[in-house]
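Single-structure report; data block below.
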Amino acid sequence: MVELKEPLDALIHRPQTFTKGLTFPDPSKIFLYDDTLRDGEQMPGVAFSPRQKLELCGLLAGMGVDVMDVAFPISSAADRQALTDILKAQLEGRIPATVDILAMCRSNRADIDCVLECVAAAGGKPSQVSVLILSTMSDLHLKYKLGRTLLKSEGRPESEWLETPVDFYREANIRLITQSIFYARSKGLTRVEFAAEDASRGDLEYGIAWAKACVAAGGTRFCFSDTCGVFTPEGVDHYFPPIVEALKVREGACQLTAHFHNDFGLGAINTVRAVMHGATHPSLTANSIGERAGNTGIHQFVMVLKELYGVTLPRFRYDRLTELRRAVENASGVPIMQHEPIIGEGVFTHESGIHTAGILIHPAIYQFIREEEVGGTHRFVFGKHSGAGAVEEVLKAHSAELESQGVRVDDALVARLLDAVKEDRARMIESGHAQKAIAAHYEGMAQLGVGEEQLVRLALALNARDRSGK
């Protein structure tokens, strides 16, 4: 690498040149909220065992994550065990007491009671855990997803579902969630988050009224959800400033979670925008796992905030991002793209001769993020577009080993190797290597869950077993 004679900042405009006028909260008051173990697990085919959840919880805590949504206990015995194990580990000091452990509930007493049973099984107190109580502020969800539940809660017959006006559902929705919040607080739960699904497509005025009612009932944090991943930065600008003002978020009267999905690839920039407006808890998942196109990724959010906006989170271990990526890949069975920004296996790998020549002069010529900053590894791959510079660099790095075997590193060897690499790569193309790799990848992905055809076969097998009496 060539030592630059001028400061790097004198040679390039850094991204912060254009963002430095923006204001953000004190970085120490931005609390990373991880959803990998609950919402991320809703990605088709992904399922973590209680042991895996405990291990990942420990890793995330060690990286500086502040809040962890770890389970939906009413949904399965495995989630109940995971929550119990994680709370027990926290009581034993294996997970820091400062980490806010959270479990999801619907707006009913049975779900809340299930969380409390897990707390008791762990030997803890209700104040040790947070609950997120799920609701919505979207009229589409209110009437057509929750409508029959709301009618039942109000003592009305289901036959009235489609003819009942939206205003009824709005009012019933507020009554239902505030009753659940009151109940949770009466049971000793001191941290109660109230979540609005599809908030990014809901009415702002209603959403503020709904949220204020939740706070009055004892709610402590508002989770604003872009459930379908349709937000733009302009949409964030529309919703978040009035919500921050109405709930007095900056004064500490209520916390605010930005929970965004990534269907258009805008999760990270939208979440940064929400934090800029005062959201206290960016909701993220490792490797961006989650339903459909996933959630906002931890790696993208923290690095966009740090490198493009100049906001460094003091408690976060950026250098463990690649370690986290590999741990979640191994636990989930889902590999990320090799060109996934920041943590992909290929983002610090170079092949093109033009690029490798520049990288050998100085990494900043073609690479803004330093691999060591995120725990990545720089390497060269050789193929059709390789140049002599990278070949020579690798040979020099291994010169002692080569010379001990009588191999002399010179220009002639470099040229011969370059020709041999390109010939080998051409043969790999003709052999169908790429198609075989893709087929193996999708075959493995198909085995992560039970598909439709497998479900039908299971139904037939169960029926045959029942008929045979075995």
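The values are calculated or read from the model by the stated rules, or taken from the named source; none is laboratory data. Remember, it's a predicted structure, so these values are computed and weren't measured experimentally. Counting neighbours? That spans all protein chains shown, and the Cβs are built from the backbone with ideal geometry, glycine included.
Among the helices (runs of 4 or more DSSP H) confined to the stretch 89-197, the ones with at least 3 residues that are under 30 Å from the mean Cα position of the chain (by Cα) are located at 109-122, 139-144, 166-186. Taking the stretch 249-262 as the range and being touching a helix residue (DSSP H, G or I) at 6+ places or on another chain (Cβ under 9 Å) and either assigned to a helix (DSSP H, G or I) or surrounded by fewer than 20 Cβ atoms within 10 Å (Cβ to Cβ) (or both) as the test, the residues that pass are 250, 253. If the condition is being under 19 Å from residue 8 (Cα atoms), aromatic (Phe, Trp, Tyr) and within 27 Å of the chain's Cα centre (by Cα), then the stretch 337-368 contributes only 368. Would you call residue 215 in the same structural domain as residue 190 (by TED's automatic domain parsing), over 27 Å from residue 186 (Cα atoms), in a helix (DSSP H, G or I) and of a type in the set (A, V, I, L, M)? So residue 215 fails the test.
For residue 230, state whether it is surrounded by 15 or more Cβ atoms within 10 Å (Cβ to Cβ) and closer than 29 Å to residue 294 by Cα. So residue 230 passes the test.
The residue pairs whose first member lies in the stretch 87-116 and is over 19 Å from residue 281 (Cα atoms) and outside the structural domain of residue 283 (by TED's automatic domain parsing), whose second member is surrounded by fewer than 15 Cβ atoms within 10 Å (Cβ to Cβ) and at pLDDT 95 or above, and whose beta carbons are closer than 9 Å, counting only pairs six or more residues apart or on different chains, do not exist in this structure. Report whether or not residue 1 is loosely packed, with under 15 Cβ neighbours inside 10 Å and over 30 Å from residue 251 (Cα atoms). Yes: the conditions hold for residue 1.
For the stretch 375-388, check the following and say yes or no: at least one residue is touching a Lys or Arg at 6+ places or on another chain (Cβ under 9 Å), more than 24 Å from residue 269 (Cα to Cα), outside the structural domain of residue 45 (by TED's automatic domain parsing) and hydroxyl-bearing (Ser, Thr, Tyr). Scanning the stretch 375-388, I find at least one residue that is touching a Lys or Arg at 6+ places or on another chain (Cβ under 9 Å), more than 24 Å from residue 269 (Cα to Cα), outside the structural domain of residue 45 (by TED's automatic domain parsing) and hydroxyl-bearing (Ser, Thr, Tyr), so the answer is yes. Within the bounds of the stretch 79-86, is there any residue that is more than 26 Å from residue 261 (Cβ to Cβ), in a helix (DSSP H, G or I) and not assigned by TED's automatic domain parsing to the domain that holds residue 122? Looking through the stretch 79-86, none of the residues is more than 26 Å from residue 261 (Cβ to Cβ), in a helix (DSSP H, G or I) and not assigned by TED's automatic domain parsing to the domain that holds residue 122. Figure legend. Inter-residue proximity from the stretch 369-390: first residues more than 18 Å from residue 414 (Cα to Cα), second residues among the hydroxyl-bearing types (Ser, Thr, Tyr) and part of a helix (DSSP H, G or I), beta-carbon distance below 7 Å, spacing 6+ or different chains. Indicated pairs: 373/318; 374/318; 374/322; 375/322; 376/322.
Check whether at least one residue in the stretch 444-462 is basic (Lys, Arg) and over 29 Å from residue 331 (Cβ atoms), and report yes or no. Scanning the stretch 444-462 turns up no residue that is basic (Lys, Arg) and over 29 Å from residue 331 (Cβ atoms). Of all residues in the stretch 218-248, those satisfying the criterion of being of a type in the set (Val, Ile, Thr) and in a loop (DSSP other than H, G, I, E, B) are 220, 227, 230, 232. Return the only residue of 22, 32, 59 being closer than 30 Å to residue 378 by Cβ, out of contact with any Lys or Arg (no Cβ under 7 Å at 6 or more places or on another chain), touching a residue at least 40 places away in the same chain (Cβ under 8 Å) and surrounded by fewer than 21 Cβ atoms within 10 Å (Cβ to Cβ). Exactly one residue qualifies, and that residue is 59. Scanning the stretch 327-354 for residues that are part of a helix (DSSP H, G or I) and either modelled with pLDDT under 95 or crowded, with 16+ Cβ neighbours inside 10 Å (or both) turns up 327, 328, 329, 331, 332, 353, 354. All of (1) without any contact (Cβ under 8 Å) to a residue 24 or more places away in the chain; (2) closer than 29 Å to residue 355 by Cα; (3) surrounded by 12 or more Cβ atoms within 10 Å (Cβ to Cβ) hold for residue 435 with one exception: (3).
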